[in-house]
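Data first, discussion second: the structure below is written as structure tokens.
The values are calculated or read from the model by the stated rules, or taken from the named source; none is laboratory data. Since we're looking at a predicted model, the values are computed, not measured. Cβ sites come from the backbone with ideal geometry, for glycine too, and all protein chains shown count toward neighbours. The protein model used for the area step is the full one, side chains on, heavy atoms only, and it has no ligands, DNA or RNA in it. Shrake-Rupley method; radii C 1.70, N 1.55, O 1.52, S 1.80 Å.
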Amino acid sequence: MKLWIPFATAAGVFVGAAILFGADWDLPPVDTEQLGYAGSGMYLTKDREKQADLQQANVVPEPLYEADPEGDRAGEFYENVQVLGDLSTDQFNLFMASITEWVSPEQGCAYCHNEENLASDEVYTKIVARRMIQMTQAINVDWDAHVGQVGATCYTCHRGQPVPENVWSRNSGPGKQDRGLGWSGGQNVVGELVGNTSLPTNALESYLLGDKPIRVHSLTALPNGENMATTKQTEETWGLMMHMSESLGVNCVTCHNSRAFNDWDESPPQRVTAWHGIRMARDINQSYIEGLAPVFPDNRKGPEGDVLKVSCATCHNGVQKPLYGVSMLRDFVDSLGTKTDTGVPDYSTYTPGETQVMGSPDSAALVPATGPEATTLASVD
């Protein structure tokens, strides 16, 4: 009698049960939505339990109060107001209180300010915050094709954290470049930013910082000399697409027709919105984030020394429309709905702890405050 057979059978049953019940499989219920024509395979399946978590993570905070637009202008009443000086003092104070709740609810005003001299620019986070206000204004004005009437506020990305949860920095993978042994070229390792696949980990750097061509689709089955895209470039494009799908909680057919992925005429309108979104993220990183490199300390940079940059996930946080399309901008359109000052200082001259005013040549006039409240009511922007 072969005694090993029942033991092997028992072991197989045990292993099977462990795999089935011990691996925390994500089982139904799920909801399926048809996005395109029947038979085209254009449908989106969502896990109900995950949707409940996303709903909880995307609750919009209520505004603290409604500000009075009348009265003294902030730029005339407070010192060193370079971006929001056209607001009334009440609007200005509301925005400052709100940005504290959005970005540094635990640290409070001291996160960006010397509390004994609020007008001073000596705390580096104040320099960053001022530039981020300019960036948010530019998003709402220049990128209407992507954000629409919903717009963006500081909370869209920060969600009560000084550093947004979903940011990225350069990652070349293990090994050293230009050394054959152990150099993977940013591939063949699990990349969190590319859907936990082994696609190139530098896909975001190629497309959301650089402007490498994204379209690699050939129109013929065999090479004809017209499409010169390489296999690696194709994989980088796939990595970007995986990132976008994961960031928005969607799949490919949200933006593409499954019968002709390359054809714009047959694609859903969301593809156009996504096209603008890629270029918006690239503009943010190039025009606003990278320039702040001299200001950020080393502990606020990536392991390879570059600044932390935005991606699709920074705003979307797992849902197709940030905060499910609820607009916070409507309550802050006076502060974030128009461009006020667009000046860019020379950040290479900034010295943390010493610089009192970090202005640009074309900044608005810095009108000193007057009266007994001049010291205690200095600028927060």
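FRET efficiency for the pair Val326 and Val15, taken as 1/(1 + (r/R0)^6) with r the Cβ-Cβ distance and R0 = 35 Å, rounds to 0.15. The length gained on full extension between Gln187 and Leu308, counted as 0.36 nm times the residue separation minus their Cα-Cα distance, comes to 41.5 nm.
Report the FRET efficiency, 1/(1 + (r/R0)^6), for Cys252 and Glu70, where r is their Cβ-Cβ distance and R0 is 41 Å, rounded to 0.05. Could you put the intermediate results ahead of the total?
Details: r = 51 Å, r/R0 = 1.26.
Rounded to the nearest 0.05, the efficiency is 0.20.
Between the helical axis of 270-284 and the longest alpha-carbon principal axis of the chain there is an angle of about 50 degrees. As a rough guide to protection, the peptides 70-82, 96-108, 345-357 ranked by mean Cβ packing within 10 Å, highest first, stand as 70-82, 96-108, 345-357.
Hey, with R₀ at 22 Å, roughly what FRET efficiency would Asp53 and Glu290 work out to, going by the Cβ-Cβ distance, to 0.05?
Here the calculated transfer efficiency is 0.10.
When the helices in the chain are scored as -39500 (n - 2.57) per DSSP H run of 4 or longer and the sum is shared across all residues, what 222 nm value do you end up with, to the nearest 500 deg cm²/dmol? Please report the intermediate quantities before stating the final value.
Details: 12 runs with 123 residues, N = 381.
Theoretical 222 nm ellipticity from helices: -9500 deg cm²/dmol.
Put simply, the C-alpha atoms of the stretch 75-216 give a gyration tensor, and the ellipsoid matching it has half-axes of 38, 19, 14 Å, longest first. Which of Gly41, Gly160, Gly277 ends up with the largest GNM mean-square fluctuation for the chain, with Cα atoms connected below 10 Å? Per the Cα network of the chain with a 10 Å cutoff, Gly41 tops the list.
Taking the centroid of alpha carbons for each part, the stretch 86-145 and the stretch 275-335 are 15 Å apart. Beyond 23 Å, the tail of the calculated P(r) for the stretch 172-297 holds 42 percent of the Cα pairs.
Is the shape of the stretch 282-353 rounded, prolate or oblate, going by the alpha carbon gyration tensor and its root eigenvalues a ≥ b ≥ c, with a/c under 1.5 for rounded and a/b larger than b/c for prolate? Taking the square roots of the gyration eigenvalues as a ≥ b ≥ c, the stretch 282-353 is oblate. Rounded to the nearest 10 degrees, the angle from helix 4-22 to the longest Cα principal axis of the chain is 30 degrees. The Cβ shell under 11 Å around Gly108 holds other residues with a net charge of -3, Lys and Arg each +1, Asp and Glu each -1. Computed from label points 7 Å out along Cα-Cβ, the spacing between Trp275 and Lys339 is 2.3 nm.
Pair-distance distribution P(r) for the stretch 43-116, from all Cα-Cα distances in 10 Å bins starting at 0: 16, 32, 25, 13, 10, 2 percent. Each residue, Leu44 and Ala97, gets one label point 7 Å from its Cα in the Cβ direction; the gap between the two is 3.7 nm.
Multiplying the residue separation of Glu115 and Asp144 by 0.36 nm and subtracting their alpha-carbon distance yields 6.8 nm. First check a/c for the chain, with a ≥ b ≥ c the square roots of the eigenvalues of its C-alpha gyration tensor; if it is under 1.5, answer rounded, and if not, answer prolate when a/b is larger than b/c or oblate otherwise. Taking the square roots of the gyration eigenvalues as a ≥ b ≥ c, the chain is prolate.
Among the listed pairs Lys301/Lys321; Lys50/Lys321; Lys212/Lys309; Lys46/Lys321, a Cα-Cα separation exceeding 20 Å is found for Lys301/Lys321. The residues of the stretch 69-213 present an accessible area of 43 Å² per residue when probed at 1.4 Å with all protein chains retained. For the chain, the fraction of 1.4 Å probe accessible surface lying on carbon and sulfur atoms is 55 percent. Angle of helix 231-248 to the longest C-alpha principal axis of the chain, folded into 0 to 90 degrees and rounded to 10: 70°.
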